[in-house]
Amino acid sequence: MAPPASPRISSRKAPKQARSTALVEAVLQAAAQVLAREGTPRFTMARVAEAAGVSVGSLYQYFPNKAALLFRLQSDEWRETGDLLGRILEDRARPPFDRLRAVVHAFIRSECEEAALRVALDDAAPFYRNAPEAHAAKASGSRVIRNFLEEVLPHATEEQRALAGTLIKTTMSQVGKTFSETAPSEDGIRHFADSMADMFCAYLKQI
């Protein structure tokens, strides 16, 4: 039996004029607010259009369906996170483990500051996670971590580095998400990030 077709999650067209760009930005801001407030089950194109102050028809000019709009929110979040990781991990003026520690702190803080939206995006993943665009978008962040591990673990095998990358990414993402849902204090965030960074550093040093 053939697998179900993936939904179309690419935007219909890219805005070219300033007015169109402003409209899309307003839609994305409204979509993030609706998703964080209402959750995936109550996330609809009509609610987003109402929150953005635009017609549903205007919304469909740029996003063919709910999956495309949710994916745009998620891909923007992936890109922002990837850029954050890249700026820190690629700064070779700093010692590698200092960079790793800084990445953990930045990521955990980001998770906590945007907990409602990120939890909602995680719930929305079934709408787009099997689409080719989703796999391509996630690959960028993976390359940053892979390049960092090649620098830190020059004598390790490719399998060892791949495992290390998977463990670090999965732990930061899954454990960080769970931790962010506890509404931690500022001290709690620092202590948690320090502990996670200590664990990663100790793990990489013994490889």
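The values are calculated or read from the model by the stated rules, or taken from the named source; none is laboratory data. Note that the structure is a prediction, hence the values are computed from the model and not measured. Here the Cβ is made from the backbone with ideal geometry for all residues, glycine too, and neighbour counts use every protein chain on show. Surface areas here come from the heavy atoms of the whole protein model, side chains and all, with no ligands, DNA or RNA. Shrake-Rupley method; radii C 1.70, N 1.55, O 1.52, S 1.80 Å.
Is it the case that P64 is farther than 28 Å from S142 by Cα, part of a loop (DSSP other than H, G, I, E, B), open to solvent by 10 Å² or more (accessible area, probe 1.4 Å) and at pLDDT below 95?
It is true that P64 is farther than 28 Å from S142 by Cα, part of a loop (DSSP other than H, G, I, E, B), open to solvent by 10 Å² or more (accessible area, probe 1.4 Å) and at pLDDT below 95.
Which of the residues spanning the stretch 80-131 are closer than 19 Å to P184 by Cβ, open to solvent by 30 Å² or more (accessible area, probe 1.4 Å), in a helix (DSSP H, G or I) and among the charged types (D, E, K, R)?
Answer for the stretch 80-131, where residues must be closer than 19 Å to P184 by Cβ, open to solvent by 30 Å² or more (accessible area, probe 1.4 Å), in a helix (DSSP H, G or I) and among the charged types (D, E, K, R): R101, R109, E113, D122.
If I filter the stretch 23-34 for residues that are exposed (fewer than 15 other Cβ atoms within 10 Å of the Cβ), under 22 Å from the mean Cα position of the chain (by Cα), within 20 Å of Y128 (Cα to Cα) and of a type outside the set (A, V, I, L, M, F, W, C), do I get at least one hit?
yes
Looking only at the stretch 34-66, count how many residues are out of contact with any Ser or Thr (no Cβ under 9 Å at 6 or more places or on another chain) and within 22 Å of A115 (Cα to Cα).
Going through the stretch 34-66 one residue at a time, the tally reaches 12.
Does the stretch 133-143 contain any residue that is at pLDDT 80 or above and open to solvent by less than 60 Å² (accessible area, probe 1.4 Å)?
The answer is no, given that none of the residues of the stretch 133-143 is at pLDDT 80 or above and open to solvent by less than 60 Å² (accessible area, probe 1.4 Å).
Take the residues in the stretch 182-207 that are among the hydrophobic types (A, V, I, L, M, F, W, C) and free of Cβ contacts under 8 Å to residues at least 60 places away in the same chain, then tell me which one is most open to solvent (accessible area, probe 1.4 Å).
Among those residues, the one meeting the criterion is M199.
Kindly provide the set of residues from the stretch 162-207 that are touching a helix residue (DSSP H, G or I) at 6+ places or on another chain (Cβ under 9 Å) and over 20 Å from A102 (Cα atoms), ordered by number.
A162, E181, T182, A183, I207
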